[in-house]
């Protein structure tokens, strides 16, 4: 669990770095992936030397995850442009509901009672920090921002579930394949999303390079490692730490000043995550057997305490 939290904290810097780059949404989405490809390939090569070639059965899921990630980044970077870093990050993390019920249907991971109770609590915090009750958080085009954010959540949920299905033994390999596919996908789709500028600029691309090496490589490597080792819905819930941290970073780095309601929402999210992530007795699946993470596609690996 600590690995997932660390990954979430690192990727919480994504939206502020996108804003600091001051480039178009399609440009930031493209180069955050493109700059991440070389280090991800290096990590995948080291993993291959240690564990052998990536199983062929894992490739389709990793490639499909890359397509989903391309849409995720394109929608989300536009949401940042429309409604700002804080609200866009919140909207992009509503996948907690989609992942919880999709994992129940596809992987047999019935959500625990604590998780089901914690989810609406977290959602209440999301509403508070989103600014829907406080007009100060609205951006240049709130309606388009909401639509882009909801599309981000759908794409994000698909990405998380596909990466989980790639198996527990690998972290760098599937993510490297997904990053390469996402880079190609964004380049192909960018004309539909406003176009990407292929000419690097300074200091904009310095921020994008930091975005690629930090959240894109390190952050997602940690999250990808943790995905198969715990229930998918719990991972999604833990990732809601991201918008809370983004609000704080936005205040320090971008001069954003969250309202009292937004700060209250941060506190509610912390309580919801802490309550929902606490362990409880195993639940029975529809077949009457005990629910284990390995039955959800981890290949029989033991549950990791992290």
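The values are calculated or read from the model by the stated rules, or taken from the named source; none is laboratory data. Given the structure is predicted, the values throughout are model-derived calculations rather than measurements. Glycine gets a Cβ as well: all are built from the backbone with ideal geometry, and neighbour counts include every protein chain shown.
Observations
- Here region 1-32 is the region considered, the condition is being under 20 Å from the mean Cα position of the chain (by Cα) and outside any helix (DSSP H, G or I), and the residue that is farthest from residue 203 (Cα to Cα) is 1.
- Top-ranked residue of region 133-159 - restricted to ones that are under 20 Å from residue 75 (Cα atoms) and out of contact with any helix residue (DSSP H, G or I) (no Cβ under 8 Å at 6 or more places or on another chain), ranked as modelled with the highest pLDDT: 147
- Check on residue 163, at pLDDT 75 or above and over 16 Å from the mean Cα position of the chain (by Cα): no
- Given (1) within 20 Å of residue 32 (Cα to Cα); (2) at pLDDT below 75, index of the condition residue 240 fails: (1)
- Qualifying residue in region 10-31 (condition: closer than 28 Å to residue 192 by Cβ, surrounded by fewer than 22 Cβ atoms within 10 Å (Cβ to Cβ) and without any contact (Cβ under 8 Å) to a residue 40 or more places away in the chain): no
- Within this structure, residue 6 fails the test of being surrounded by fewer than 23 Cβ atoms within 10 Å (Cβ to Cβ), touching a residue at least 60 places away in the same chain (Cβ under 8 Å), closer than 17 Å to residue 73 by Cα and touching a helix residue (DSSP H, G or I) at 6+ places or on another chain (Cβ under 7 Å).
- Conditions (1) within 26 Å of residue 259 (Cα to Cα); (2) crowded, with 18+ Cβ neighbours inside 10 Å; number of the one not met by residue 72: (1)
- If you check 218, 263 for being within 15 Å of the chain's Cα centre (by Cα), modelled with pLDDT of 75 or more and farther than 21 Å from residue 24 by Cβ, only one passes: 218.
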